[in-house]
Amino acid sequence: MDLLLTEAQQAFRAEVRAFLAAELTPALREGQQRSAGVYPEPEISGAWQRTLHCKGWVAPTWPVEHGGTGWNAIERFIFECECALAGAPIVYPIGIRLAGPVILAYGTAEQKATWLPRILSGEDYWCQGFSEPGAGSDLASLATRAVREGDDYIVNGSKIWTTHAHHANRMFALVRTADTPKRQDGISFLVLDLDTPGIEVRPIRSIGGDHDVNQVFFTDVRVPAAHRIGAEGQGWEQAKYLLEFERGTGLFSSRLRSSMKRLEDATAASRPFADPHLARRLAEVAIEIDTFEMLELMTLGTLAPGANPGPVSSVLKLRASRLKQTVSALGVEALGAEALRWEGHADPLADVLVPDHLNARAATIFGGASEIQLGIIAKSIGGL
């Protein structure tokens, strides 16, 4: 991959910068900057998604015929970088980056026509029903059951750590439709409307004080069989496909740079990086992000729009999670004794650094724990 921008790519960067200057409001920028949760709240992310949708830029990883941009790897990198550095909100990814690719790969023509346009526009807000109280890293042990009854499935069970389920109107979920010798073979992929009778969403407050995640309970929930994506028993294959998109199609390096910028802005008044130790740590982390950026570019350069990143996604997810924790820990270190204060700092932006650090402890768990990623890397890439 040639990293020197051509004249056309420089013109594209100028177009992106002009668009951001015209459309990215101070309120949206502040909403992202003050977010300590995994994703900003829907009033922030949704407003930005609608703006991008109007421009036709909301789904860079989708094929053009389904609403994608047709950008090559460098153009997508330019766009993601400029958005992050400008402080644009993160577009809530569960519909765009997770549900969308599975529907594109496994959905019927009717499912694509029904759900894809609403994902792009943000009319549907999705959540992911994978983990259960007894099935986290060992996802194949999930027990939420769907029993076929005529044209419907009757679903009973629960899901946990369900991000933004309290905002969502739609969920994709793995459910057990058969008891088979190999547990993975009895799992199917269903789409549920969250206003269906029998669904209850209970909040879980995180250590950072946020309400990002929930436990969702299903009691005799009737789901049309037409809402099953793919064949019955194909859910494990679809889940692996989806998780590779979750772990490997985001450009994390640009957001890590944005987090570093927030850290520097929040602690500027106290000049903590006049301390040689902290200055050295800042430089070390910046170099690590540079290195990770090159890894992302190498991966991105091999992918056509809509293509699956494969097992290398585990390498990206593992490294991004650890870097996220490193950056957030550096923020608390830079605050020094001020980190003992939960809120009320001289710069309100500093109030975000401690919750961000606490919430980042989960980064090496959600989306597949680090131990799981190491196992995938050893098996799929290392051949062990």
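The values are calculated or read from the model by the stated rules, or taken from the named source; none is laboratory data. Note that the structure is a prediction, hence the values are computed from the model and not measured. Neighbour counts are summed over all protein chains in view; Cβ atoms, including those assigned to glycine, are modelled from backbone coordinates with ideal geometry.
Restricting to the stretch 185-227, count the residues that are more than 18 Å from residue 142 (Cβ to Cβ), of a type in the set (S, T, N, Q) and surrounded by 15 or more Cβ atoms within 10 Å (Cβ to Cβ).
Total meeting the criteria: 1.
Of all residues in the stretch 44-58, which are under 17 Å from the mean Cα position of the chain (by Cα), farther than 17 Å from residue 349 by Cβ and assigned to a helix (DSSP H, G or I)?
Correct list: 45, 46, 48, 49.
Please specify each residue of the stretch 43-62 satisfying the condition of being buried (at least 16 other Cβ atoms within 10 Å of the Cβ) and not aromatic (Phe, Trp, Tyr).
44, 45, 46, 47, 49, 51, 52, 53, 58, 59, 60, 61, listed by residue number.
If you go through the stretch 141-169, how many residues are surrounded by 16 or more Cβ atoms within 10 Å (Cβ to Cβ) and at negative phi?
Number of matching residues: 18.
Out of 122, 134, I need the residue that is at pLDDT below 95 and either under 26 Å from residue 197 (Cβ atoms) or in the same structural domain as residue 41 (by TED's automatic domain parsing) (or both). Which one?
After ruling out the rest, the residue left standing is 134.
In the stretch 112-140, how many residues are in contact (Cβ under 8 Å) with a residue 60 or more places away in the chain, of a type in the set (Gly, Ala, Ser), surrounded by 15 or more Cβ atoms within 10 Å (Cβ to Cβ) and not in a helix (DSSP H, G or I)?
Qualifying residue count for the region: 3.
Any residue in the stretch 44-55 that is among the charged types (D, E, K, R) sitting within a Cβ distance under 9 Å of a residue that is surrounded by 18 or more Cβ atoms within 10 Å (Cβ to Cβ) and not in a helix (DSSP H, G or I)? List the pairs, counting only those 6 or more apart or interchain.
50/58; 50/122
Mind listing whichever residues of the stretch 3-53 are more than 18 Å from residue 124 (Cβ to Cβ) and among the hydroxyl-bearing types (Ser, Thr, Tyr)?
Across the stretch 3-53, the qualifying residues are 6, 25, 35.
Limited to the stretch 28-43, what total is found for residues that are in a helix (DSSP H, G or I), touching a helix residue (DSSP H, G or I) at 6+ places or on another chain (Cβ under 8 Å) and of a type outside the set (Lys, Arg)?
Of the residues in the stretch 28-43, 5 are in a helix (DSSP H, G or I), touching a helix residue (DSSP H, G or I) at 6+ places or on another chain (Cβ under 8 Å) and of a type outside the set (Lys, Arg).
For the stretch 315-347, enumerate the residues that are among the small types (Gly, Ala, Ser) and closer than 30 Å to residue 368 by Cα.
Across the stretch 315-347, the qualifying residues are 320, 321, 328, 329, 331, 334, 339.
Of all residues in the stretch 201-218, count the ones that are assigned to a strand (DSSP E or B) and in contact with a Pro (Cβ under 9 Å, 6 or more places away or on another chain).
Residues flagged as assigned to a strand (DSSP E or B) and in contact with a Pro (Cβ under 9 Å, 6 or more places away or on another chain) within the stretch 201-218 amount to 3.
Only one residue in 243, 251, 256 is buried (at least 18 other Cβ atoms within 10 Å of the Cβ), touching an Asp or Glu at 6+ places or on another chain (Cβ under 7 Å) and not hydroxyl-bearing (Ser, Thr, Tyr), so which one is that?
Criteria check complete, one pass: 251.
So which of 185, 179 ends up being part of a loop (DSSP other than H, G, I, E, B) and over 21 Å from residue 41 (Cβ atoms)?
After applying the criteria, what remains is 179.
With the structure loaded, tell me whether residue 80 is surrounded by fewer than 20 Cβ atoms within 10 Å (Cβ to Cβ) and either more than 30 Å from residue 162 (Cβ to Cβ) or outside the structural domain of residue 328 (by TED's automatic domain parsing) (or both) or whether it fails that test.
It is false that residue 80 is surrounded by fewer than 20 Cβ atoms within 10 Å (Cβ to Cβ) and either more than 30 Å from residue 162 (Cβ to Cβ) or outside the structural domain of residue 328 (by TED's automatic domain parsing) (or both).
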